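The values are calculated or read from the model by the stated rules, or taken from the named source; none is laboratory data. Just so we're clear, the structure is a prediction, and the values are computed from it rather than from any experiment. Here Cβ is always computed from backbone atoms with ideal geometry, including for glycine, and neighbour counts include all displayed protein chains.
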């Protein structure tokens, strides 16, 4: 990340303050963060909004809101992701195979394949994004 404070978010044009991206130890009230995200003009005026909660060299955790029908997809097939549904329902698809996840459910994608997330209704979820394995892992017995 560029700028004078590479360890912080830039905040938002709508007034969200900058946030430390890789704290040594932190607790996030995800319900409060979700409510604040859904109160922002970017949500009321658009089909999506997101907030990075944590960013390190190998891991990103992003609180994301999508309106009904909105989609998002990966730009790096070497990313492994976990999608934890907080409210609403999203479908997660890889090459035509898909699952729907709702509140309290977790979808896991090992990485290496293009994926797409589509909101079946207005939805809020946490997406954890890490590097997928880049080499063959030996089978376990």
**Request:** Starting from residues that are within 25 Å of residue 58 (Cα to Cα) and under 15 Å from the mean Cα position of the chain (by Cα), keep the ones in region 119-133 and report whichever is surrounded by the fewest Cβ atoms within 10 Å (Cβ to Cβ).
**Result:** 131
**Request:** Could you please find all residues in region 68-99 being within 22 Å of residue 32 (Cβ to Cβ) and in contact (Cβ under 8 Å) with a residue 40 or more places away in the chain?
**Result:** 82, 83, 84, 85, 86, 87
**Asked** Pick from region 100-119 the residues that are in contact with a strand residue (DSSP E or B) (Cβ under 6 Å, 6 or more places away or on another chain) and touching a residue at least 40 places away in the same chain (Cβ under 8 Å): which of them is nearest to residue 33 (Cα to Cα)?
**Response** 119
**Asked** Looking at this structure, is residue 73 at pLDDT 95 or above and under 17 Å from residue 126 (Cα atoms)?
**Response** no
